[in-house]
Amino acid sequence: MERYLPFIFCYFLSIGFLAGQETVVFGNIRDLNSGLSIDFVTVHIELTSQATDTDQNGFYRLLVPENQTFTLLYTRIGYETVSVDVEPMAPGSKRNINIRLSPTTSDLDITIRSSRIEDVGMVREEVTEMFTLPSTTGNLESVLPSIALGVSSGTGGELSSQYNVRGGNYDENLIYVNDFEIFRPQLIRSGQQEGLTFPNMDLIRDLSFSSGGFEARYGDRMSSVLDVRYKRPEEMKRSVSGSFLGASAHMEGSKRVGPNAYNKLRYLAGARYKTNRYLLGTLDTQGEYVPDFIDLQGYVTYDITREIQIGAIGNYNISRYRFMPRERETAFGQVTFALRLAAIFEGAEVDDFINGMGGLSLTYIPEKQTNPLFIKILASSYRGRESEQFDIIGRYRLSQIETELGSENTGQEIAVLGTGTQHQFARNYLYNEIFNVRLKGGLELNMDDGSSHFLQWGAKYQQETFDDSVHEWERIDSAGYSLPFNENAVLVNRFITSENLLINNRYSLYFQNTYTSTIPDKREIRINGGVRVKYSSLNDEMIVSPRFQFLYKPLNWADGFSFKLAGGIYYQPPFYREMRRLDGSVNPELKSQRSIHMVGGLTYDFTWSGISDKPFKIISEVFYKKLDNLTLFDIDNVKIRYTGENDATGYAMGLDFRINGEFVPGAESWINLSLLRTRESIVGIQHKQRELGEPDPKDVKDVARPTDRFFNLSMFFQDYLPKNENFRVNLNLSFGSGLPFGLPENNIIFRNNFRFRPYHRIDIGFGYRLKSKEKSEGVGSGVLGFANNAWISLEVFNLMDVSNEVSNTWIKTVTNVQYAIPNFLTSRRINLRFRVDL
């Protein structure tokens with residue numbers, strides 16, 4: 001501070017010469033429709049702690065900096081936020097700025113009045129920058145590893161949109177769109193089958209993501225919550241995009257339907273088509289791939305009055321996958337010992353996943369001078385019809401090949417280790433229907449000392465129906481012998497058959513209070529405490545989930561730090577897939593898994609001199625999760641196979657770090673780094689582990705969970721040519737240590753003793769902006785004169801052509817020796833993509 005003392009002295013001296021005059025902005029704030037004054041509107045200078053509130057007559061007065069440009073933000077619950085850029089003001093001058101705020105009653109993002117503190121670990125992003133991110137799936141979830149804390153891509157790699165968070169599997173994540181909970185198909189077993197997920201990036205306004213320690217108002221899962229908000233359009237906009245991997249189009253707009261300005265009908269509609277046939281052509285198994293995925297959805301809201309709004313959301317999703325394999329050849333191993341698997345196939349696979357969702361909402365926000373209130377009622381229904389049918393015979397030959405350099409037989413077969421037949425058959429069908437109705441509300445109580453309490457509550461009823469038919473078997477023949485070998489009978493390796501009909505009713509309640517207190521120029525604190533109660537009729541279980549958060553922001557520090565401490569008891573009520581045992585039977589008595597969270601974190605907002613004038617943000621969290629009552633699972637590609645029992649305990653701990661900002665002015669970038677250790681132990685089992693070079697295995701207390709990825713780095717970086725911002729480069733980098741796996745059907749005592757190779761991949765996109773409405777750049781009124789914005793990009797997937805492993809094909813010899821044949825993900829591919837905004 002000493003070096004600033006002369007400046008501070010001169011500053012106050014100049015104030016004295018101005019005879020006590022102050023530089024001030026003042027004005028009056030009124031409702032756009034009624035013209036009435038609005039009290040408790042927060043007026044603050046962006047990126048500072050300088051703020052004030054309007055009085056009961058809507059008047060405000062705020063001291064502002066002199067001789068510099070700044071932005072004023074006007075915020076109030078129930079109204080749209082307004083920002084005003086103010087030109088430099090001379091010392092001692094005054095400026096009158098009157099504002100009219102537009103009421104809003106849709107898609108409520110409830111915040112505490114005049115609060116500047118945020119949930120430290122809750123990542124909030126707009127989707128503008130994400131449109132240019134190179135992606136093989138086109139789904140929103142694929143970008144989460146690049147922007148969110150503790151997120152890594154699942155075992156399906158670039159073919160899947162599934163993701164793991166802090167040691168949890170994909171089933172442990174919550175997804176909401178405009179407060180509607182989103183469900184997904186259950187039978188998908190490979191990334192090739194996976195189609196388009198629910199969130200449509202063309203319709204999204206912004207998203208919030210928490211990796212753990214989230215509030216009681218969110219549901220019951222052990223890992224994370226993704227909260228997506230769709231747009232609230234004010235004008236007509238359209239877009240069209242396409243590539244070798246599919247196409248999409250959307251339309252949005254609003255129309256006044258009624259005598260008043262607030263009687264507006266707002267609508268969003270989107271259509272997407274995806275086919276990954278182009279990518280699947282790079283896999284080792286050659287054949288005819290026919291994947292077709294279609295998603296149609298719409299969202300409509302209507303403001304009946306200033307206080308009441310209705311909304312409707314609908315989605316229809318079709319995923320069809322046809323596959324007729326012909327042949328496969330895979331070489332693998334080391335320099336001194338290499339193997340090759342050659343196979344010829346006959347048969348086919350036909351999968352259909354058809355699901356739809358519809359929902360209605362009613363939002364009520366009464367006009368109140370003090371203590372704003374909101375109430376929202378939602379009802380939705382999800383229906384899914386899934387079928388998985390395959391009958392494929394593969395005749396294989398496993399051989400050792402010559403690896404000696406200089407030999408005339410290099411690459412040639414020198415020994416046959418096994419020949420045989422693998423016959424896989426399935427006729428699996430699942431019909432599921434999920435209906436729920438939900439009430440949520442909130443009331444803000446403003447205290448005389450300037451603090452506030454924000455009370456939120458909710459109740460939900462949900463009914464789930466599952467009608468499942470499983471008929472699946474695998475026959476393995478090695479050198480003319482069916483395995484497992486039996487002299488008196490021909491046995492199959494695996495046989496599952498079951499018919500299940502389940503109906504489950506769930507009832508849940510929650511209540512939470514958020515207390516916020518601010519001492520200007522000193523500190524701001526937010527304390528959130530809440531509890532959820534849930535009852536399930538199928539297993540007659542009631543769970544109680546208390547949760548808390550403590551957030552602290554010093555306002556008198558030169559740097560923008562915020563601190564967080566959060567925790568709670570988080571449950572994972574069993575869904576149908578968790579209840580189904582490996583033999584196909586269902587355990588209706590299965591109890592909820594439990595995770596006790598402890599999370600500590602900080603954020604740091606700063607300006608990086610010489611890099612960019614825009615602020616950077618660092619978010620870091622350290623966490624520990626104690627896991628018990630776990631249901632053991634294994635992952636094969638993206639299919640999660642549960643034991644259907646509460647048979648394990650475990651823990652997860654680690655550190656997550658993220659930095660984002662404009663490393664290049666005008667181009668946002670993100671870097672995420674995660675360190676994780678997650679372990680488990682089966683109740684009543686003494687686990688053992690083999691050490692390299694040791695003759696005998698040793699006893700261990702716990703073993704790696706299937707999601708134990710110790711190190712994960714994700715980066716999304718943007719740049720452009722210095723003299724031509726129309727030409728941009730987008731780089732997406734992923735690196736993660738290998739996931740563990742074990743021997744199939746014998747993965748208990750020596751559990752998960754092996755690991756896949758590390759996953760690393762670089763995708764890069766070279767984009768050119770053909771037209772920009774904001775900057776009046778690009779092609780003129782000719783070819784693209786009708787467009788507001790237009791982009792074309794050339795994308796290179798898997799730039800380094802790395803052979804990443806996704807799963808194993810297990811081959812047995814007649815002596816019952818097993819060989820793990822790696823199944824590789826996609827190799828290098830070039831994609832051409834365009835987008836036009838109208």
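The values are calculated or read from the model by the stated rules, or taken from the named source; none is laboratory data. Every value quoted in this text rests on a predicted model; they were computed, and no experiment measured them. Reconstructed Cβ throughout: ideal geometry from the backbone, glycine too, with neighbour counts over all protein chains shown. The protein model used for the area step is the full one, side chains on, heavy atoms only, and it has no ligands, DNA or RNA in it. Shrake-Rupley method; radii C 1.70, N 1.55, O 1.52, S 1.80 Å.
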Exercise for the section: Name the one entry in GLY560, GLY584, GLY567 that is open to solvent by less than 60 Å² (accessible area, probe 1.4 Å), in contact (Cβ under 8 Å) with a residue 40 or more places away in the chain and within 25 Å of the chain's Cα centre (by Cα). Expected result: GLY567
Completion exercise
Matching residues in segment 613-653 (out of contact with any Phe, Trp or Tyr (no Cβ under 6 Å at 6 or more places or on another chain) and more than 30 Å from VAL586 (Cα to Cα)) number 9
Practice task
Go through the residues of segment 726-739 one by one and say whether even a single one is of a type in the set (Ser, Thr, Tyr), open to solvent by 20 Å² or more (accessible area, probe 1.4 Å), under 28 Å from the mean Cα position of the chain (by Cα) and closer than 25 Å to GLU141 by Cβ.
Solution key: yes
Practice task
Could you tell me which numbered condition ILE8 fails, if it satisfies all but one of (1) of a type in the set (A, V, I, L, M, F, W, C); (2) at pLDDT 85 or above; (3) open to solvent by 50 Å² or more (accessible area, probe 1.4 Å)?
Solution key: (2)
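Considering THR370, THR363, THR410, which residue is at pLDDT below 95, part of a strand (DSSP E or B) and not small (Gly, Ala, Ser)? Give the derivation first.
Working: THR370 fails: part of a strand (DSSP E or B); THR410 fails: part of a strand (DSSP E or B).
That would be THR363, the only listed residue that is at pLDDT below 95, part of a strand (DSSP E or B) and not small (Gly, Ala, Ser).
Pull up segment 644-660, narrow it to residues that are crowded, with 20+ Cβ neighbours inside 10 Å and under 25 Å from the mean Cα position of the chain (by Cα), then point me to the one that is modelled with the lowest pLDDT.
First, the residues of segment 644-660 that are crowded, with 20+ Cβ neighbours inside 10 Å: 644, 646, 648, 650, 652, 654, 656, 658, 660.
Pick out the ones that are also under 25 Å from the mean Cα position of the chain (by Cα) and you get 650, 652, 654, 656, 658, 660.
Values: GLY650: 96, ALA652: 97, GLY654: 96, ASP656: 95, ARG658: 92, ASN660: 88.
My answer is ASN660.
Just checking, how many residues over segment 322-371 are basic (Lys, Arg) and either loosely packed, with under 14 Cβ neighbours inside 10 Å or in contact with a Cys (Cβ under 9 Å, 6 or more places away or on another chain) (or both)?
Summing the residues that are basic (Lys, Arg) and either loosely packed, with under 14 Cβ neighbours inside 10 Å or in contact with a Cys (Cβ under 9 Å, 6 or more places away or on another chain) (or both) in segment 322-371 gives 2.
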Practice task
Tell me which of these SER153 doesn't satisfy, since it passes every other one: (1) farther than 13 Å from LEU226 by Cα; (2) over 12 Å from the mean Cα position of the chain (by Cα).
Solution key: (2)
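Of the residues SER102, SER34, which single one is within 25 Å of ARG232 (Cα to Cα), open to solvent by less than 70 Å² (accessible area, probe 1.4 Å), of a type in the set (S, T, N, Q) and at pLDDT 70 or above?
Working: SER34 fails: at pLDDT 70 or above.
After ruling out the rest, the residue left standing is SER102.
For segment 530-551, indicate whether the set of residues that are basic (Lys, Arg) and more than 25 Å from the chain's Cα centre (by Cα) is non-empty. Please lay out each step first, then the result.
To start, the set of residues in segment 530-551 that are basic (Lys, Arg) comprises 532, 534, 547.
Within this subset, residues satisfying the condition of being more than 25 Å from the chain's Cα centre (by Cα) are none.
So far as segment 530-551 goes, no, none of its residues is basic (Lys, Arg) and more than 25 Å from the chain's Cα centre (by Cα).
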Exercise for the section: Determine if segment 743-755 includes at least one residue that is modelled with pLDDT of 90 or more, open to solvent by less than 50 Å² (accessible area, probe 1.4 Å) and not in a loop (DSSP other than H, G, I, E, B). Expected result: no
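Can you list the strands (runs of 3 or more DSSP E) found entirely within segment 639-716 that contain at least 1 residues being closer than 29 Å to ILE188 by Cα and of a type in the set (S, T, N, Q)?
Working: elements: 639-664, 667-682, 687-689, 698-700.
Answer list for segment 639-716: 639-664, 667-682.
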Exercise for the section: Residues being open to solvent by less than 40 Å² (accessible area, probe 1.4 Å), closer than 13 Å to ARG475 by Cβ and not hydroxyl-bearing (Ser, Thr, Tyr): count how many of those fall in segment 389-421. Expected result: 4
Problem - Residue match in segment 334-345 (condition: touching a Pro at 6+ places or on another chain (Cβ under 8 Å), modelled with pLDDT of 90 or more and of a type outside the set (Lys, Arg)) - result: yes
Practice task
Could you pull out the residue among PRO233, PRO185 that is in contact with a Gly (Cβ under 9 Å, 6 or more places away or on another chain) and over 27 Å from VAL806 (Cβ atoms)?
Solution key: PRO233
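In the list GLY450, GLY441, which residue meets the criterion of being in a loop (DSSP other than H, G, I, E, B) and either touching a residue at least 40 places away in the same chain (Cβ under 8 Å) or open to solvent by less than 60 Å² (accessible area, probe 1.4 Å) (or both)?
Values: GLY441 fails: in a loop (DSSP other than H, G, I, E, B).
Unique residue meeting the criteria: GLY450.
Given the criteria modelled with pLDDT of 95 or more, under 21 Å from ALA247 (Cβ atoms), open to solvent by 70 Å² or more (accessible area, probe 1.4 Å) and in a strand (DSSP E or B), does TYR316 qualify? Spell out the reasoning first.
Details: modelled with pLDDT of 95 or more: yes; under 21 Å from ALA247 (Cβ atoms): yes; open to solvent by 70 Å² or more (accessible area, probe 1.4 Å): yes; in a strand (DSSP E or B): yes.
The answer is yes for TYR316.
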Problem - segment 291-304, residues that are farther than 20 Å from GLY242 by Cα and open to solvent by 50 Å² or more (accessible area, probe 1.4 Å) - result: VAL300, TYR302, ILE304
Exercise for the section: Hand me the list of strands (runs of 3 or more DSSP E) wholly inside segment 136-246 holding 1 or more residues that are under 28 Å from LEU673 (Cα atoms). Expected result: 151-153, 163-165, 173-177, 204-210, 224-230
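Which residues, taken from segment 156-171, are touching a residue at least 40 places away in the same chain (Cβ under 8 Å), under 15 Å from VAL225 (Cα atoms) and of a type outside the set (Lys, Arg)? Show your work before the answer.
Residues of segment 156-171 touching a residue at least 40 places away in the same chain (Cβ under 8 Å): 156-160, 162, 164-171.
Then drop every residue that is not under 15 Å from VAL225 (Cα atoms), which leaves 162, 164-171.
Residues satisfying the conditions are GLN162, ASN164, VAL165, GLY167, GLY168, ASN169, TYR170, ASP171.
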Practice task
Select, from TYR552, TYR507, the only residue that is surrounded by fewer than 18 Cβ atoms within 10 Å (Cβ to Cβ), at pLDDT 95 or above and either in a strand (DSSP E or B) or basic (Lys, Arg) (or both).
Solution key: TYR507
Handout entry: Number of the exception - ASP477 against (1) acidic (Asp, Glu); (2) modelled with pLDDT of 85 or more; (3) open to solvent by 20 Å² or more (accessible area, probe 1.4 Å)
Key = (2)
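Which residues, counting only those in segment 373-406, are part of a loop (DSSP other than H, G, I, E, B) and either closer than 24 Å to ARG438 by Cβ or β-branched (Val, Ile, Thr) (or both)?
Restricting attention to segment 373-406, the residues satisfying the condition of being part of a loop (DSSP other than H, G, I, E, B) are 402-406.
Listed by number, the list holds a single entry, THR403.
Yes/no per residue for (1) touching a Pro at 6+ places or on another chain (Cβ under 6 Å); (2) among the aromatic types (Phe, Trp, Tyr):
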| position | (1), (2) |
| --- | --- |
| GLY644 | no, no |
| ARG658 | no, no |
| SER669 | no, no |
| HIS687 | no, no |
| LEU692 | no, no |
| LYS698 | no, no |
| ALA704 | yes, no |
| PHE710 | no, yes |
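Sort out which residues of segment 661-687 are of a type in the set (Asp, Glu) and either open to solvent by 20 Å² or more (accessible area, probe 1.4 Å) or farther than 30 Å from SER592 by Cα (or both), and write them in order of number.
Initially, segment 661-687 is screened for residues of a type in the set (Asp, Glu), giving 662, 668, 680.
Listed by number, the residues that qualify are GLU662, GLU668.
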Exercise for the section: Output the number of the condition that GLN462 fails; it satisfies all remaining conditions of (1) exposed (fewer than 15 other Cβ atoms within 10 Å of the Cβ); (2) modelled with pLDDT of 95 or more. Expected result: (1)
Practice task
For GLY281, indicate whether it is under 30 Å from LEU417 (Cα atoms) and open to solvent by 50 Å² or more (accessible area, probe 1.4 Å).
Solution key: no
Practice task
Within segment 263-273, identify whether any single residue is open to solvent by less than 30 Å² (accessible area, probe 1.4 Å), assigned to a loop (DSSP other than H, G, I, E, B) and at pLDDT below 95, and answer yes or no.
Solution key: yes
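Name the one entry in ASP202, ASP179 that is on the phi > 0 side of the Ramachandran plot, modelled with pLDDT of 90 or more and not polar (S, T, N, Q).
On the way: ASP202 fails: on the phi > 0 side of the Ramachandran plot.
None of the other options fit; the residue is ASP179.
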